[in-house]
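To start, the structure under review is shown below, and the notes come after it.
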Amino acid sequence: MNPDEFVTTLNNQSLPISNRKMVLFQTYLEFLLEYSKKVNLTAIKEPKDIWLKHFYDSLTPLLYLPDMMNKKASLIDIGSGAGFPGVPLKIVNQKFQLTLLDSLQKRIAFLDQLIDKLNLKNVETVHGRAEDFAHNLNYREKYDFAIARAVSNTNTLL
């Protein structure tokens, strides 16, 4: 998938995306590829695969919950890694209050720089293991939505 196909596919699914947001996605892609030269963040290195397997895939919850597109809500991304799916969701809906949780400090460092580079507001990064934060009263049951991608099997994750 290339950027034009990304836009067309989203438009065809009633998820229009502005040029400004496309600039953010392109900046994200470039920063991800550059940063991945020194820290392995993803095995996917081809831009066409990033557009499909990371960006588009991250937005698929909006196909099933289209009213989230412009809704103000709190969202935690468990096991954020390189920011998927949380950051793409934040790019398309700036109203989200987003928490990115990851167990590796090197990924948190990447996410902090990415958030700054994209000038995203109302985004918190948290270094820690999901198993620990599940029992932390400051985080437990504090979000409208919890989302995860490629973290664990469903039973463990739930």
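Just so it is clear, none of the values below were taken in a lab; they were calculated from the coordinates. Treat the numbers as computed from the prediction; the structure is a model and nothing was measured. Using ideal geometry, Cβ is built from the backbone for each residue, glycine included, and neighbour counts are taken over all protein chains shown.
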Excluding near-sequence neighbours (fewer than 8 apart on one chain), the chain holds lysine pairs with C-alpha atoms under 15 Å apart numbering 17
GNM on the chain, C-alpha springs below 10 Å: top fluctuator among L89, L98, L65?
L65
Formal net charge of residues neighbouring N122 (Cβ-Cβ distance under 11 Å; K, R +1; D, E -1)
+3
Note to self, the chain gives a 222 nm [θ] from helices alone (DSSP H runs n ≥ 4, -39500 (n - 2.57) apiece, / all residues, nearest 500) of -10500 deg cm²/dmol
With the contact rule set at Cα under 8 Å and sequence spacing of 6 or more, what percent relative contact order holds for the chain?
22 percent
Two-site label geometry, L29 and D116: point separation in nm, points 7 Å out along Cα→Cβ:
2.5 nm
